[in-house]
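> Pasting in a structure now, in structure tokens, and then I'll have a few things to ask.
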Amino acid sequence: MRSLVTAGLIALTSALAPAALAQERPSTILVLDASGSMWGQIDGINKITIARDVVGDIVSDFPADQNLGFVTYGHRERGQCADIETLVEPAPGTAAEIAGIVEGLNPRGMTPMTDAVVTAAQALRHTEQAATVILVSDGIETCNPDPCAAARALEEAGVDFTAHVIGFDVRGEADALLQMQCIAEETGGRFLTADNAQELNEALREVTAAPASGSFTFTANLGGEEIGDETVWERPAAPLELPLLSGEVIWEISDTSFNMVQTGTANPFTTDLPFGEYIVTVHSTAQDDFSQTEASLALDSARNVHAIFPPITSQPPAAQVFGPAQTLVGSAFTVSWEGEGLAPRDYVTIVPADAEDGAYADYDRLENRTEGELRAPAEPGLYEVRLQLDAGDRVLARTPVEVVDAEVAVSAPAQVVVGSAFPVTWQGEGLHPRDYVTIVPAGSADGTYADYDRMQGRSEGELRAPAEPGLYEVRLQLDVGDRVLARTPVEVVDAEVAVSAPAQVVVGSAFPVTWQGEGLHPRDYVTIVPAGSADGTYADYDRMQGRREGELRAPAEPGLYEVRLQLDAGDRVLARTPVEVMDGNVSLDGPDRARAGAEITLSWTGAIHPRDYIAIVPRGTPDGEQSGYRRIQDEDQATFTAPAEPGAYEIRYHLDRGDRVMARRPLEVLAADAPIDEGAGLMVPGTARPGDIVTVSWTIEAGDADRRVALARADAPDFTWITVHHVGDETETVIKLPDEPGQYEVRFLDLQSQSVLGRAMITLDE
């Protein structure tokens, strides 16, 4: 047999295969959950607020020349599964537009998660190229009954896209996790979870990062007589439909300096490689031959590399397979084998004794080993363990195995409270880690399941009771075939639960909620909704988390509402109490006029929540729109900078919840050098020279107040000065100007009321 020559010592035996046509960079659509559950909080911050900040950071770093689009759902209407909107079609340079849209999203509706992915995929269909959908969602699908089937249908319809799914704050929600993971797996994408802002940022950066490497598949095929006597290399866009080469196949991948990068014995052999230039060597034990080629592996190159060997004539190897004479239904058992010339992709399987040759069920590939593991079927009976060739499925060896029933028992409390977590114990030999316990209505067909917990080598676990009272069964079921091995009855009863809240609260305010009741689950929650809303409706909410009290935020609009305690499983309402949301009494105080860019002091009374905010906007701007704002925190006044452009403006106090404007007052912004008169009638020359003596006059009548005419630098605080004149009955005075050129201001001050009754700029030029 000719031995494999190391890559550094042999010459190339075939030319570089033609590279695939360069493709454009793949388009990406971000799908963001804007359903009502995004008002939920993590560490006291609403999830939508976290998403706004993180998405804004991520898209700002997105390559400007790459197509980026944006889809959202649940942002316009409550209770509408059709509330899905493509807000930005995929195009280059859309990052700033998307960041602005995300900042203004107001979650309120359902979670049509699957249909939003469908919408994004259809928007990408016209590109006829590989594309990416990135879904960020915090809850279970509420509209499409089968997300897996929908994702699978898209792939089967030829929409070339990959869906990466990020589950935001979904740990412990088994159904949501399974749905999201299935969407990702069916489209070849990744599924990640994030429980806070940092993890969401890391997950988004991970799925949007430009790849520095790619997955490439190397396949050794058996060709026909038409290829001649030499191995032929091909780089097709899709895998070739040719038989795989039998026997062991060894791959060696090195760089152009013949430094080894990767080796493997699978066929096909799939591996991740950094993009670059490589030398690929394949050795066939069946052919007793090797071949070599140069390959340029890049983002836009074909991902399939085929070595097509000339036809050979060989005899199948003699072999033996060994297994236990008897094993338990659903259990894992050891299988061993021996024989010469067995290939890594040949396999062992267990099938009914009368099954045709080539049939297979659970299987384990040989992979150059002499033993492996199989799973027994769910039904007892006579079976065979077979060793079969991967090429042609010919049976090389077989041995009989009897599969027998196991003695299994499961125990649970006779009575549990709706929605509560309760312990389940089990015992039995041969149980597989993926077998599970579940709770279902009494009389349900075998194989039915709801909340479940896998064995995982334990003898006890935990289930969640359903939301509706009634007669149920806890069942122990095989993961293979869903056969029920043991069952026990459980009565689910209603809980005595109460919830309390203030009879009246102010719009947008935070208020305390308390509750009591047995069996409440940490993920059950309190929420506030309009009186008369359908059960299961929710807005702002707070989960139980083993506590007896929490906090909610009142809606932005006054009216009659209900605080409800709802089960996380099924959203059933266990208790409710009425709450009247009253309008707040907020007032704003500040100057009527200010120079452009000047600092002004604003104060307010009747503040509602620390996250409420003050904004200064051009008069006529729609409520809720602003380019900048300042949260009130725990203050009752703050210093703001007047807008840079003169004009008519409005100062607004906004509720953080709902952006409702609770108070407003007008503000006239004057030119930066404009005089401002508050009754003094101050007259000052606009320009002078350093050191001049100028006359300053005023029209305000004398009074008992302590009044001064002061000269100060334009940027100095109001009640500081360079020179000052005490005002009596006179109506004018003279001021000697400083020797230094610059911008100065003459001010008419009332020290008793600490107010500025007039001010005028004076410029000193050389």
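> Taking region 662-701 as the search range and keeping residues that are out of contact with any Pro (no Cβ under 7 Å at 6 or more places or on another chain), of a type in the set (Gly, Ala, Ser) and not in a strand (DSSP E or B), which one is surrounded by the most Cβ atoms within 10 Å (Cβ to Cβ)?
Ala680
> Okay, moving on. Are any residues in region 450-483 touching a residue at least 60 places away in the same chain (Cβ under 8 Å), open to solvent by 30 Å² or more (accessible area, probe 1.4 Å) and assigned to a strand (DSSP E or B), and if so, which ones?
Within region 450-483, Tyr452, Arg464 meet the criteria.
> For the list (1) assigned to a loop (DSSP other than H, G, I, E, B); (2) more than 27 Å from Trp604 (Cα to Cα); (3) at pLDDT 90 or above, I need the number of the one condition that Asp704 fails.
Every listed condition holds for Asp704 apart from (3).
> Which count do you get for residues in region 265-298 that are at positive phi and either assigned to a strand (DSSP E or B) or of a type in the set (Ser, Thr, Tyr) (or both)?
1
> Here's another thing I want to ask about it. Would it be correct to say that Ala361 is modelled with pLDDT of 90 or more, closer than 30 Å to Phe422 by Cα and open to solvent by 40 Å² or more (accessible area, probe 1.4 Å)?
No, not satisfied.
> Next question. One residue is enough: does region 375-387 have a residue meeting the conditions part of a strand (DSSP E or B) and under 44 Å from the mean Cα position of the chain (by Cα)?
yes
> Among the residues of region 421-434, which ones are farther than 24 Å from Val492 by Cα and within 34 Å of the chain's Cα centre (by Cα)?
His432, Pro433, Arg434, listed by residue number.
> Continuing with this model, one more query. Starting from residues that are in a strand (DSSP E or B) and of a type in the set (Val, Ile, Thr), keep the ones in region 624-642 and report whichever is surrounded by the most Cβ atoms within 10 Å (Cβ to Cβ).
My answer is Thr641.
> A follow-up question, please. Only residues in region 319-338 that are within 16 Å of Arg386 (Cα to Cα) count as the first member; pair them with residues that are of a type in the set (Phe, Trp, Tyr), Cβ under 6 angstrom, at least 6 apart or cross-chain, and list the lot.
Val321/Trp337; Pro324/Phe333; Thr327/Phe333; Ser336/Phe322
> Count, please, the residues in region 575-627 that happen to be closer than 18 Å to Phe640 by Cα and either among the basic types (Lys, Arg) or in contact with an Asp or Glu (Cβ under 8 Å, 6 or more places away or on another chain) (or both).
So the count comes out to 18.
> Can you pull out the residues in region 713-736 that are crowded, with 20+ Cβ neighbours inside 10 Å and either assigned to a strand (DSSP E or B) or touching a Gly at 6+ places or on another chain (Cβ under 8 Å) (or both)?
Ile735
> What residue, among those in region 507-560 that are within 16 Å of Arg657 (Cβ to Cβ) and among the hydroxyl-bearing types (Ser, Thr, Tyr), is most open to solvent (accessible area, probe 1.4 Å)?
Tyr538
> Given the structure, is Thr86 farther than 28 Å from Asp540 by Cβ, at pLDDT 85 or above and either open to solvent by 50 Å² or more (accessible area, probe 1.4 Å) or among the polar types (S, T, N, Q) (or both)?
yes
> Please work out if Pro243 is within 29 Å of Asp288 (Cα to Cα), open to solvent by less than 40 Å² (accessible area, probe 1.4 Å) and of a type outside the set (Ser, Thr, Tyr).
Spelling it out, it is not the case that Pro243 is within 29 Å of Asp288 (Cα to Cα), open to solvent by less than 40 Å² (accessible area, probe 1.4 Å) and of a type outside the set (Ser, Thr, Tyr).
> Could you tell me which residue of region 28-62 is farthest from Ile140 (Cα to Cα), considering only residues that are part of a strand (DSSP E or B) and among the β-branched types (Val, Ile, Thr)?
Ranking the candidates gives Thr28 first.
> I would also like to ask the following. Residues to consider are Ala501, Ala486, Ala421, Ala442; find the one that is loosely packed, with under 13 Cβ neighbours inside 10 Å and out of contact with any helix residue (DSSP H, G or I) (no Cβ under 7 Å at 6 or more places or on another chain).
After ruling out the rest, the residue left standing is Ala442.
> Considering only residues of region 246-259 that are touching a strand residue (DSSP E or B) at 6+ places or on another chain (Cβ under 8 Å), in a loop (DSSP other than H, G, I, E, B) and of a type in the set (S, T, N, Q), which is least open to solvent (accessible area, probe 1.4 Å)?
Selected residue: Ser246.
The rows are residues; the columns are (1) more than 30 Å from Leu222 (Cβ to Cβ); (2) part of a strand (DSSP E or B).
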site	(1), (2)
Gly358	no, no
Ala391	no, no
Arg398	no, yes
Ala406	yes, no
Pro413	yes, no
Pro423	yes, yes
Trp426	yes, yes
Val440	yes, yes
Asp446	yes, no
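> What is the number of the single condition among (1) touching a residue at least 24 places away in the same chain (Cβ under 8 Å); (2) surrounded by fewer than 18 Cβ atoms within 10 Å (Cβ to Cβ) that Asn585 does not meet?
Among (1) touching a residue at least 24 places away in the same chain (Cβ under 8 Å); (2) surrounded by fewer than 18 Cβ atoms within 10 Å (Cβ to Cβ), the lone unmet condition for Asn585 is (1).
> Out of Gly341, Gly330, report the one residue that is at positive phi, under 40 Å from the mean Cα position of the chain (by Cα), of a type outside the set (Ser, Thr, Tyr) and not in a strand (DSSP E or B).
Gly330
Conditions tested, residue by residue: (1) open to solvent by 50 Å² or more (accessible area, probe 1.4 Å); (2) under 13 Å from the mean Cα position of the chain (by Cα); (3) modelled with pLDDT under 85.
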site: Thr6; (1), (2), (3): yes, no, yes
site: Ile10; (1), (2), (3): no, no, yes
site: Ala17; (1), (2), (3): no, no, yes
site: Ile29; (1), (2), (3): no, no, no
site: Ser37; (1), (2), (3): no, no, no
site: Val55; (1), (2), (3): no, yes, no
site: Asp61; (1), (2), (3): yes, no, yes
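The values are calculated or read from the model by the stated rules, or taken from the named source; none is laboratory data. Every value quoted in this text rests on a predicted model; they were computed, and no experiment measured them. FYI the Cβ positions are ideal-geometry reconstructions off the backbone, even for glycines, and counts take in every protein chain you see. Please note that ligands, DNA and RNA were not included when accessible areas were found on the heavy atoms of the full protein model with its side chains. Shrake-Rupley method; radii C 1.70, N 1.55, O 1.52, S 1.80 Å.
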